[in-house]
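Chemist: Have a look at the structure that comes next, please.
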Amino acid sequence: MSKNVFRRAYRLTLKLGLLTCSALACADAPAPILGTNNITHEAFTQPLSIMPDSAREAFFRGRSLFRQNWVIAPAGDDQVDGLGPLHNRISCISCHAANGKGHAPNGPHEKAGFLLVRLSVPGANPNGGPLPHPVYGDQLNEDAIPGVPAEGRVQIHWREHKVTLTGGEVVRLRSPRIAFRDLAYGPMGKVQTSARIGPAVFGLGLLDAVPVEALEKLAAENQAYGVRGKLNLVHDAASAQTMPGRFGLKANRSVLRDQIAGAMIGDLGITSTLFTEENCMPAQKQCRQAPNGNSPDGHSELNDEQLDELERYLAFLAPPLPRNMNAPEVEQGRRLFNDMGCAACHRPQLPLGRHKLLGDLRGQNIAPYTDLLVHDMGADLADHRSDFRAGGREWRTAPLWGAGLLKKMNARVGYLHDGRARTVQEAILWHGGSASPARNNYSQAPRDQRNAVLSFIGSL
């Protein structure tokens, strides 16, 4: 599809009144001010400038909880006990080092580290989400407290193939094959698996503040290149209602609080008032008999005050602001990013509304480079595992803000849901399905234009 057709398609969406501005127009809009100019190793830890003084103490208590190692119960009066019985990590920061992204292991002999594996069997649970494996649950837990067998170990085996781009540049792409060993509760049998790495955690409050109406308009749009995104409709634990999903790699979590509590129970085995049951399946007797760290009222290991503090911390974490936007190569890359079709899903601007913690942000925009919708990404990225309305080929558009600083925080960074891509270019080349035209435009462009696009993404 030509550039002129792409531009005409976007002008049509603007005429329909479905967007406040098109992707092309938004890219020329003034840079948003809600973010941080910090580019040091602490870039992903800065609070938003709009954070009121009254929230500062809770923000820093939340930061301590995010970095805290949880311990085995009972631990006296310790308020951070209750780890496990089954778990993957002992702290939030273990999966989100420096608040940035994780990476996949290089091979079967390296521990999973930042990577975990979701499990399910065909069907849906009573809330419409994935149906957990009857013995191993919805996530393989590689660690456990003493006296409880860990579920097993994940091994990642890589298969590589070469892709040749215009001009002769050769890129080696790898795809994972998941294997399990040392399974403690018997053979797993037929199971659906999905490897996931920890995503960056800054800017989540701002994503939480994008009005549902804005996402619904994006989902209703007939997007250029035939790219159609949709809202995932998911179960919200607090209200027990169906709500649009915006968090998680398949947009399978409704709001930030739900996302936090879900990660606490899934990754650390820490219960809350949203998820009160330990992550033990019926066949895991030692797990079910293990002591817990419930508060004196018997409700949860993570009390509501602690959940509030974690929510405030993550809500007020500022995203990095764009840099070097006036550099000629970055400016060229921005225009190519639009012309190639990347902005059809990686939206340069999203509007904000009212938020329970951040306040009234109406009239302000953010530049996360996502639409928070799920899209068909093709067979090569499929995990064949549905998650509410998101099918096995569908993934939420990954935000691109902060992309240029990720490797400053952590030397090894993985891209895409399972960390298979070691560079931004590899991630682009894995795009399929609805994103195939944009990927082809990139791979068929001259090398200097591809470099310009990468420079632009590196400026975000």
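Chemist: Are there any pairs, at least 6 apart or on different chains, whose C-beta atoms fall under 8 Å, with the first in the stretch 448-460 and over 11 Å from L405 (Cβ atoms) and the second surrounded by 20 or more Cβ atoms within 10 Å (Cβ to Cβ) and aromatic (F, W, Y), and if so, which?
Modeler: Listed pairs, sorted by first residue: R450/Y442; V453/F337; V453/Y442; F456/F337; I457/F337.
Chemist: Within the stretch 341-366, track down each residue that is within 23 Å of the chain's Cα centre (by Cα) and in a strand (DSSP E or B).
Modeler: Scanning the stretch 341-366 gives L350, P351, R354, H355, N365, I366.
Chemist: Quick test for you: out of V117, V121, V71, pick the one residue that is free of Cβ contacts under 8 Å to residues at least 24 places away in the same chain and of a type in the set (V, I, T).
Modeler: Just a single option satisfies the conditions, and that option is V71.
Chemist: Here's a follow-up. Go through the stretch 158-184 and count every residue that is surrounded by fewer than 16 Cβ atoms within 10 Å (Cβ to Cβ), of a type outside the set (A, V, I, L, M) and at negative phi.
Modeler: Total satisfying the criteria: 12.
Chemist: Of the residues in the stretch 409-460, how many are out of contact with any Leu (no Cβ under 9 Å at 6 or more places or on another chain), under 20 Å from T166 (Cα atoms) and not charged (D, E, K, R)?
Modeler: Residues flagged as out of contact with any Leu (no Cβ under 9 Å at 6 or more places or on another chain), under 20 Å from T166 (Cα atoms) and not charged (D, E, K, R) within the stretch 409-460 amount to 9.
Chemist: Moving on. Looking at (1) surrounded by fewer than 24 Cβ atoms within 10 Å (Cβ to Cβ); (2) closer than 18 Å to S254 by Cα; (3) not charged (D, E, K, R), find the lone condition where L310 falls short.
Modeler: (1)
Chemist: Same structure, new question: For the stretch 400-423, which residues satisfy the criterion of being surrounded by fewer than 20 Cβ atoms within 10 Å (Cβ to Cβ) and outside any loop (DSSP other than H, G, I, E, B)?
Modeler: K407, K408
Chemist: Run D371 past the list (1) part of a helix (DSSP H, G or I); (2) surrounded by 24 or more Cβ atoms within 10 Å (Cβ to Cβ); (3) among the acidic types (D, E) and report the number of the one that doesn't hold.
Modeler: It is condition (1) that D371 fails.
Chemist: Determine, yes or no, whether S300 is out of contact with any Cys (no Cβ under 9 Å at 6 or more places or on another chain), at pLDDT 95 or above, in a loop (DSSP other than H, G, I, E, B) and not aliphatic (A, V, I, L, M).
Modeler: For S300, the condition - out of contact with any Cys (no Cβ under 9 Å at 6 or more places or on another chain), at pLDDT 95 or above, in a loop (DSSP other than H, G, I, E, B) and not aliphatic (A, V, I, L, M) - is not met.
Chemist: Same structure again: Just for the stretch 216-235: of the residues that are modelled with pLDDT under 95 and among the aliphatic types (A, V, I, L, M), which one is surrounded by the most Cβ atoms within 10 Å (Cβ to Cβ)?
Modeler: Within the stretch 216-235, the match that is surrounded by the most Cβ atoms within 10 Å (Cβ to Cβ) is A224.
Chemist: Now for a different question. Filter the strands (runs of 3 or more DSSP E) completely within the stretch 134-209 down to those with at least 2 residues that are under 30 Å from R257 (Cβ atoms).
Modeler: 192-197
Chemist: Suppose we filter the stretch 236-284 for residues that are assigned to a helix (DSSP H, G or I) and buried (at least 21 other Cβ atoms within 10 Å of the Cβ); how many remain?
Modeler: Final tally of qualifying residues: 11.
The values are calculated or read from the model by the stated rules, or taken from the named source; none is laboratory data. Quick caveat, the model's predicted, so the values are computed rather than measured. When we count neighbours, we look across all protein chains shown, and the Cβ atoms used for this are built from the backbone with ideal geometry, even at glycine.
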